[in-house]
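Right, one structure below, let's go through it.
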Amino acid sequence: MTQDEDFLEVIAAEVAQDPTNGALREDFITLLLQHDVDRAAEQVAALEKLGGDPSRVRLLRARVMAARMRGSASAPAATEPTGSPIPVPTSIADTPADDAPGLWEAERPSITLDDVAGLADVKSHLDSTFLAPLRNPELAAAFGQTPGGSLLMYGPPGCGKTFIAKAIAGDLGAAFIHVTLADLLGQWLGESEKAIQSVFRDARAAAPCVIFFDEFDALGARRTSGSGSQTMRSIVTQLLEELDGVTSHNEGVYFLAATNRPWDIDPALRRPGRIDKTVLVLPPDEVARAAILQGDLEGKPADGVDIAAVASATDGFSGADIAQVARVALQQSLTASMSAGAVVPVTTEALLDAARTLVPSTTSWFDQIAPVLEYGVDDGTFTQLRTYRVARGLR
């Protein structure tokens, strides 16, 4: 057994001892992607079964699929017993009909931006730059504007970009199609491009319709020479074609995208007429943090908790971080309840203790973006972020 295999088995033993530790299992999956993709896929399924964050599960599935595609691309061609190559389909046109992408199911969100607690600055910016013209189609038409538009939301992970996208669809009274990398990657060459075409085709049929591309940096990454797979480069090219259609004849189709890494997106996707509007989705403010915590504790034995005190102590926490604070405190109360033989409610102090032990996940994102702001080329995307950093006394 190699040293790498030894290390993997040590981590596997740790996961087996603490099966509900989602962060540990995610680290294990990341290691397995480099050594054993099938085993990584099994761990992703286990993470989902144990109630792992659905967005993280989707992303990990996409990484498994991408690893399999890389492995297929580097594998030697299969041969028949006679030594002649076995014919392999080279495009979606060569695949069986039942493997072709199906129709995208559009949902009708019942939430609106009024249901998004706090985040007044985000909602104000959304209204002035994106929603106001869409709510006034007659006035927009007088200035030559057609119904439709595109918007990129960026910011730290776990801060509610998907929820906001659904709320925008609800505000517009539009259908909603949620797209991830896992939905687009396929086994055959050309399948991903066909999948993108089908997304926009179904959105036109369901118009008014919001298309929401999650983890957009994984889909629209820079097409630099010599980097990335041909599949990913083709996805960007197809997106460019479809986005050009959004601004011309695809009336009633709204394109929203979310990313934690806006600096990695291909500049061609950000040109005027494509995804030319941006909004920064920052960690929730105190009002939003209180609402998130209230929701996480609703229906649980947590009477008497000072929600305001905990919200005040979690400045800079993402929505996902606050949910983790609640989970830790609830788990501790459950353990205490089992020992006592009676319900031990969650207390304010338990929540504050849990918050003190957690480093906000947003910290690393602000560290990553600092050199981008200092040395990168800014086309105006980071104006809101610069203002935020100045207000908080950051460089």
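Which one is nearest to S150 (Cα to Cα), of the residues in region 81-126 that are of a type in the set (V, I, T) and modelled with pLDDT under 80?
Going residue by residue through region 81-126, those that are of a type in the set (V, I, T) are 82, 86, 88, 90, 92, 95, 111-112, 116, 122.
Remaining after also requiring modelled with pLDDT under 80: 82, 86, 88, 90, 92, 95.
Values: T82: 54, I86: 45, V88: 38, T90: 33, I92: 29, T95: 33 Å.
Checking each candidate, the answer is I92.
Which residues, taken from region 160-200, are in a helix (DSSP H, G or I), more than 15 Å from L239 (Cβ to Cβ) and of a type in the set (F, W, Y)?
F163
What are the pairs with Cβ atoms under 6 angstrom where one residue, in region 49-66, is outside the structural domain of F212 (by TED's automatic domain parsing) and the other, located anywhere, is part of a helix (DSSP H, G or I) and of a type in the set (D, E)? Sequence gap at least six, or different chains.
Correct list of pairs: V57/E48.
Based on this model, can you work out whether A77 counts as in a loop (DSSP other than H, G, I, E, B), among the small types (G, A, S) and at pLDDT below 75? Break it down into steps so the answer makes sense when it comes.
On the way: in a loop (DSSP other than H, G, I, E, B): yes; among the small types (G, A, S): yes; at pLDDT below 75: yes.
Yes, satisfied.
Might you let me know whether region 307-323 holds any residue that is free of Cβ contacts under 8 Å to residues at least 40 places away in the same chain, farther than 30 Å from D217 by Cα and of a type outside the set (A, V, I, L, M, F, W, C)? Spell out the reasoning first.
Taking region 307-323 as the starting set, the residues that turn out to be free of Cβ contacts under 8 Å to residues at least 40 places away in the same chain are 307-308, 311-312, 315, 322-323.
From the residues that got through so far, the ones that are farther than 30 Å from D217 by Cα too are 307-308, 311-312.
From what's left, of a type outside the set (A, V, I, L, M, F, W, C): 312.
Within region 307-323, one or more residues are free of Cβ contacts under 8 Å to residues at least 40 places away in the same chain, farther than 30 Å from D217 by Cα and of a type outside the set (A, V, I, L, M, F, W, C).
Per-residue answers, yes or no, for (1) polar (S, T, N, Q); (2) assigned by TED's automatic domain parsing to the domain that holds P262; (3) closer than 21 Å to A120 by Cβ:
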site	(1), (2), (3)
F317	no, no, yes
V328	no, no, no
Q331	yes, no, no
S337	yes, no, no
A340	no, no, no
A350	no, no, no
W365	no, no, no
Q368	yes, no, no
T387	yes, no, yes
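Condition test on R261, is it among the charged types (D, E, K, R) and modelled with pLDDT of 80 or more? Before you say what the answer is, go through the steps one by one.
Numbers: among the charged types (D, E, K, R): yes; modelled with pLDDT of 80 or more: yes.
So R261 passes the test.
With the requirement that a residue be within 31 Å of the chain's Cα centre (by Cα), over 25 Å from R56 (Cα atoms) and among the β-branched types (V, I, T), what does region 305-345 give you?
Selection gives I307, V310.
The values are calculated or read from the model by the stated rules, or taken from the named source; none is laboratory data. What you are looking at is a predicted structure, and each value in this text was computed from that prediction instead of being measured. Counting neighbours? That spans all protein chains shown, and the Cβs are built from the backbone with ideal geometry, glycine included.
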